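A.B. asks: What follows is a single structure, and I will ask about it in a moment.
The values are calculated or read from the model by the stated rules, or taken from the named source; none is laboratory data. Not measured: the values here are computed from a predicted model. All Cβ positions, glycine included, derive from the backbone under ideal geometry; neighbour counts span all protein chains shown. SASA here: full protein model, heavy atoms, side chains in, ligands and nucleic acids out. Shrake-Rupley method; radii C 1.70, N 1.55, O 1.52, S 1.80 Å.
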Amino acid sequence: QARCALEDVSVQAFKVGYAGSTENLGAIARVLSDYSDVPTVAYMPDLSWCEEVELENYLDACAELLLPQVTVLVGNHSTLCRWLLPEWDEERAPNAREVARAAAAHGVPYTLVTGFNAPDQYLESHLATPETVLASARYERFEASFRGAGETLSAALCALIAAGNDLQSACAEALTYLDQCLDAGFQ
């Protein structure tokens, strides 16, 4: 069905979130391989609720099948660190470039790492490559929890890239949009 629909539309970008199973990841990866010139934004949510074997199989399939085709990987700092840097043994947490370096080992050129705890009640997000941090943003921490914030962020980023925005400005606008969405969630 996806291939049939894609024959009738002009695709500017893909967004991939939690796919549910390794079989679904395989199907998505096969479609993406036909569109290697189209940017792909992938979001990795916190999957700590999954059973251990199922989670390990899913993350292995993501690393093998999906990441080599991803342009920008989006995820929370702790989630990406648990997945991409499981052997990290330093006292300090990995920085954005170190997370990006781990993602780049699987073929991902850019990583948007969210949820860095700043010491002053702020959260930071960093768009990084293994060599540099391209953009950073700070937003005041909300005293509430939200579901779907990462999906909203990655969907906004994908839409902005599809509309022709460069990656840095798309990232800044998507983060601002998410901050406004979360702030409006209190209403």
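A.B. asks: If you take every DSSP beta bridge fully contained in region 24-170, what fraction is antiparallel? Give it as a percent rounded to 5.
C.D. replies: Taking every DSSP beta bridge within region 24-170, about 55 percent pair in antiparallel fashion.
A.B. asks: A further question on this structure: If one puts a single equal scatterer on every Cα of region 132-187 and applies the Debye formula without solvent, what log₁₀ I(q)/I(0) results at q = 0.16, 0.19, 0.26, 0.30 Å⁻¹?
C.D. replies: -0.50, -0.68, -1.08, -1.25
A.B. asks: Still on this structure, I have one more. Which residue, Leu47, Leu112, Leu175, tops the fluctuation ranking in a GNM of the chain built on C-alpha contacts under 10 Å?
C.D. replies: Top of the fluctuation ranking is Leu47.
A.B. asks: Using a 1.4 Å probe and ignoring any ligands, DNA or RNA, find the accessible area of Trp88 and quote it in Å² to the nearest 10.
C.D. replies: Rounded to the nearest 10, that gives 80 Å².
A.B. asks: Report the calculated FRET efficiency for Ala93 and Arg3 (r = Cβ-Cβ distance, R0 = 30 Å), to the nearest 0.05.
C.D. replies: Between Ala93 and Arg3 the formula returns 0.10.
A.B. asks: Related question: Restricting to DSSP H runs of at least four residues, report the calculated mean residue ellipticity at 222 nm for the chain, -39500 (n - 2.57) per run over all residues, nearest 500 deg cm²/dmol.
C.D. replies: So the helix-based figure for the chain works out to -12500 deg cm²/dmol.
A.B. asks: A further question on this structure: In what sequence, highest mean first, do 118-124, 10-16, 75-81 appear when ranked by Cβ atoms within 10 angstrom?
C.D. replies: Highest to lowest by the protection proxy: 75-81, 10-16, 118-124.
A.B. asks: Moving on. Which residue, Glu90, Glu64, Glu52, tops the fluctuation ranking in a GNM of the chain built on C-alpha contacts under 10 Å?
C.D. replies: Residue with maximal mean-square fluctuation among Glu90, Glu64, Glu52: Glu90.
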